[in-house]
Structures are given as C-alpha cells and as structure tokens.
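These notes concern the structure reproduced below.
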Amino acid sequence: VVAGLIRRALGADLFEIRPTAPYLEDYLETVEQAQRERDSGYQPVLEATVSSMADYDTVFLGFPIWGQTAPPVIRSFLSGNDLSSKALIPFVTHGGYGLGNSQSVLASHAPKARLRDGFVMEVDQERDTMNRVTGWLKGVELKG
C-alpha cells in the first residue's frame with residue numbers, strides 16, 4: 001500500500017525485492033525462518049536486480065520489521081547495489097515494537113548513501129495508512 005502510494009504521488013518507478021526462493025506461506029514457519037536468517041546474517045539471492053540503479057538519485061526503500069530488524073532481502077538488496085551519493089529514504093511498517101536496529105542495518109549496508117529520515121508506521125487500517133503516507137510525502141525533500 002505504501003509503495004503504491006509513493007509511486008502514484010511521485011510518478012516513481014516500482015521494484016519489488018524478492019528472494020529466488022519464496023518464503024513459506026505459513027506465518028509461524030516464516031517467523032522461525034526469519035529468526036534463523038537474522039541470527040546467521042544470511043542474505044538470500046534475489047530474484048531480480050535493478051538494471052539501471054545509476055539512473056536514480058533517490059531510492060525509497062520499503063520493508064516491514066522482521067524480528068526487530070530489516071528483513072534479509074533488504075540486506076541483500078543494499079549489499080548488491082551501489083547507493084553512493086543517493087538519497088536513501090526508508091518507509092517502514094512494524095507490529096508495535098518500532099524500528100529495532102533497522103537504521104543501523106541501512107547505515108552499515110549502504111554506508112555511502114545519504115540516509116534520510118523516513119516514514120515509520122505501526123500496522124493499522126488501510127485508510128489511515130493512505131492518509132499518513134500522503135501527508136508525509138508532501139514534506140519529503142527530493143533534492144539536496
């Protein structure tokens with residue numbers, strides 16, 4: 001929902017970060033897998049890459065918090081792309097525990113990016129999500 005609102009409001013390109021091996025559909029099994037991956041520092045192979053990353057000055061990076069951190073696919077994406085001098089603007093959803101250590105993951109995996117304050121939201125109703133994202137985007141500075 002958030003990515004779609006950003007795309008619509010800014011005319012941005014949209015790229016979905018997916019691992020080559022999809023996660024299980026069972027929620028509890030996925031949570032266990034995510035904990036193992038987090039604890040081991042695993043970075044899955046991604047299904048696709050952004051072919052023209054050099055063409056972008058700003059990257060909005062969206063993800064849910066998994067086990068108090070960014071999901072492994074986010075670490076893979078950041079490690080696999082040169083974001084030097086690009087504005088990196090996260091938009092993050094969580095289930096009530098906040099950002100965890102996701103900010104340090106972004107800083108360590110994209111050290112030369114210009115990490116900007118992003119959008120953070122506890123998972124809530126869709127209408128509230130749309131209203132908050134739209135309000136946030138009005139104040140985002142894209143240049144500089």
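The values are calculated or read from the model by the stated rules, or taken from the named source; none is laboratory data. On a predicted model such as this, the values are computed, not experimentally measured, just so you know. With ideal geometry, Cβ positions are generated from the backbone for all residues, glycine too; neighbour counts draw on all protein chains shown. Areas reflect the complete protein model, heavy atoms only, side chains present, ligands, DNA and RNA absent. Shrake-Rupley method; radii C 1.70, N 1.55, O 1.52, S 1.80 Å.
Does LEU88 fit the bill of being outside any loop (DSSP other than H, G, I, E, B), under 23 Å from ARG132 (Cα atoms), touching a residue at least 24 places away in the same chain (Cβ under 8 Å) and under 14 Å from the mean Cα position of the chain (by Cα)?
Answer is yes for this residue.
With respect to the numbered conditions (1) closer than 25 Å to TRP136 by Cβ; (2) open to solvent by 80 Å² or more (accessible area, probe 1.4 Å); (3) free of Cβ contacts under 8 Å to residues at least 60 places away in the same chain, which one is the sole condition not fulfilled by VAL1?
(3)
Among the candidates PHE63, PHE77, single out the residue that is touching a helix residue (DSSP H, G or I) at 6+ places or on another chain (Cβ under 8 Å), under 22 Å from ARG114 (Cβ atoms) and open to solvent by less than 50 Å² (accessible area, probe 1.4 Å).
It is PHE63.
Considering only the stretch 4-36, state which residues are in contact (Cβ under 8 Å) with a residue 24 or more places away in the chain, part of a helix (DSSP H, G or I) and hydrophobic (A, V, I, L, M, F, W, C).
LEU5, ILE6, ALA9, LEU10, VAL31, ALA34
Being surrounded by fewer than 11 Cβ atoms within 10 Å (Cβ to Cβ) and not charged (D, E, K, R) is the filter; apply it to the stretch 17-41 and report the residue that is farthest from ALA3 (Cα to Cα).
Checking each candidate, the answer is SER40.
Quick one: count up the residues across the stretch 86-100 that are out of contact with any Gly (no Cβ under 9 Å at 6 or more places or on another chain) and modelled with pLDDT under 95.
5
Mind listing whichever residues of the stretch 21-63 are charged (D, E, K, R) and more than 25 Å from VAL120 (Cβ to Cβ)?
Answer for the stretch 21-63, where residues must be charged (D, E, K, R) and more than 25 Å from VAL120 (Cβ to Cβ): GLU25, ASP26, GLU29, GLU32, ARG36, GLU47, ASP55.
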